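Note sheet for the following structure.
Quick note: the coordinates plus some simple rules give every number you see, no bench work behind them. Since the model is a prediction, treat every value here as computed from it, not as a measurement. Note that we place each Cβ from the backbone using ideal geometry, even for glycine, and neighbour counts take in every protein chain shown.
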Amino acid sequence: MNNNDLIRAVLALAAYEKTGTEDYDFLATIGNADRLSGETQTLPDGFAAVVYEMGNKYIISYRGTDNWQDVPFGWSCGDFSPIISAQSYGAVSFIKRFVANQAAINPG
């Protein structure tokens, strides 16, 4: 494991700490990764995501099923169920918004 692997592991945890609209300044920079302002989302179904930029790459950290209350919203994502969960829609929505924002900031 190198330093970047450790930083990516900590970034995976960041989505569990970044919730709602609270701004946790201590998570703004983790190692050599900086959180992108405005690129967070938390939904009532338990889905959350945050985007970090590390060098010239983007790291997207997701949070989904935390407890039994989240089962109807997210577990069908990973059990090969034909049912598309609310958290799956949240993830797709987040990615589409992120890509559109990046295209607006960096056209061409």
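Amide H contacts of Ile30 (H built 1.01 Å from N, in plane; Pro and chain starts excluded): Arg35 sit under 5 Å, all sequence-distant by 5 or more or on other chains. Model label points for Glu53 and Ala28, set 7 angstrom from Cα along the Cα-to-Cβ axis, are 1.5 nm apart.
Between the beta carbons of Asn4 and Ile84, assuming R0 = 25 Å, the FRET efficiency works out to 0.15 to the nearest 0.05.
Taking amide H atoms as placed 1.01 Å from N in the peptide plane, the amide H of Arg63 lies under 5 Å from those of Ala48, Ala49, each 5 or more residues away in sequence or on another chain. Note on Phe47, Phe94: ascending count of other Cβ atoms within 10 Å places them as Phe94, Phe47, the fewest first.
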